[in-house]
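Everything on this sheet refers to the single structure shown next.
The values are calculated or read from the model by the stated rules, or taken from the named source; none is laboratory data. Remember, predicted model here, so these are calculated numbers, not experimental data. In this analysis, Cβ positions are derived from the backbone assuming ideal geometry, glycine residues included, and neighbour counts consider all displayed protein chains. What goes into the accessible areas is simple: the full protein's heavy atoms, side chains included, and nothing from ligands, DNA or RNA. Shrake-Rupley method; radii C 1.70, N 1.55, O 1.52, S 1.80 Å.
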Amino acid sequence: MNKSIAITGVVIIIAVASGLLLNSQNSSGASEPGNSLSWKTFDEGIVLAGKTNKKLLVDVYTDWCTWCKKMDSDVYTDKGVIDVLNGSFILMKLNAESDKTVHYQGRSITETEFARTVGVTGYPSTLFFDSSGKPITLLPGYVPAPKFVPVLRYIGDDHYQTVSFEDYLAKAAGSPSP
């Protein structure tokens, strides 16, 4: 990953860790019938993103990971999260301990190798890519729905290209940036 991607990731990590994320879009509550997410395999997602010009979100998990299961049950079922994801992203699941082969940038590698290559060191981890498959950032760990929605909007609406995450949050909160 390049330096700007790493910096964006660090900013997001710091914001999540210090509780700076906004809760202005409180999106609590379970999803309504018919309002769900469509998860693709890695290879399906890469192709579909190119056709639809949507960004990619890759949920990196392991079968034994309790926080990964909590992310599935509490975050990916949240109506606010579902709305943003369905509008801006192609969704993929990737098992970081799988020997299943994926194809990325002309290479065939296992899901395990892919996770290591992009810097995943813990689970869950959320990877973001643009529609051409270029990495945007990596968000490690469990993130509750009210804190996840601003991250999704920041990336999904392309704010990451023009403003830091801290400035985005400050502007969204109506306060001047530091």
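Can you confirm whether the range 41-55 contains a residue that is open to solvent by less than 60 Å² (accessible area, probe 1.4 Å), at pLDDT 95 or above and either of a type in the set (S, T, N, Q) or outside any helix (DSSP H, G or I) (or both)? Yes. Per the conditions (1) in contact with a Ser or Thr (Cβ under 9 Å, 6 or more places away or on another chain); (2) within 30 Å of VAL47 (Cα to Cα), the sole criterion not satisfied by GLU166 is (2).
All conditions in (1) within 25 Å of ASN86 (Cβ to Cβ); (2) in contact with a Leu (Cβ under 8 Å, 6 or more places away or on another chain); (3) not in a helix (DSSP H, G or I) hold for PRO146, with the sole exception of (3).
Table: residues versus (1) hydroxyl-bearing (Ser, Thr, Tyr); (2) open to solvent by 70 Å² or more (accessible area, probe 1.4 Å); (3) part of a loop (DSSP other than H, G, I, E, B).
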{"position": "LEU94", "(1), (2), (3)": "no, no, no"}
{"position": "THR137", "(1), (2), (3)": "yes, no, no"}
{"position": "GLU166", "(1), (2), (3)": "no, yes, no"}
{"position": "LYS171", "(1), (2), (3)": "no, yes, no"}
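Quick one: would you say VAL151 is open to solvent by less than 60 Å² (accessible area, probe 1.4 Å), among the hydrophobic types (A, V, I, L, M, F, W, C) and either in contact with a Pro (Cβ under 9 Å, 6 or more places away or on another chain) or modelled with pLDDT of 95 or more (or both)? So VAL151 fits the description; yes. Considering the range 73-131, and only residues there that are of a type in the set (Phe, Trp, Tyr) and touching a residue at least 40 places away in the same chain (Cβ under 8 Å), the residue that is nearest to GLY156 (Cα to Cα) turns out to be PHE89.
Among the residues making up the range 75-92, those that are among the small types (Gly, Ala, Ser) and either in contact with a Leu (Cβ under 7 Å, 6 or more places away or on another chain) or open to solvent by less than 50 Å² (accessible area, probe 1.4 Å) (or both) are GLY80, SER88.
Given the criteria more than 11 Å from the chain's Cα centre (by Cα), aliphatic (A, V, I, L, M) and over 23 Å from MET71 (Cβ atoms), does VAL163 qualify? Here the answer is yes, as VAL163 does meet what is asked.
Between SER131, SER98, which is touching a strand residue (DSSP E or B) at 6+ places or on another chain (Cβ under 8 Å) and farther than 17 Å from ALA49 by Cα? Every option except SER98 fails the conditions. Within the range 107-123, not a single residue is closer than 18 Å to CYS65 by Cα and assigned to a strand (DSSP E or B).
Evaluated against (1) farther than 16 Å from ARG153 by Cα; (2) open to solvent by less than 50 Å² (accessible area, probe 1.4 Å); (3) modelled with pLDDT under 95; (4) assigned to a helix (DSSP H, G or I), ILE7 falls short on exactly one condition, (2). Within the range 139-160, being among the small types (Gly, Ala, Ser) and under 11 Å from the mean Cα position of the chain (by Cα) holds for GLY141, GLY156.
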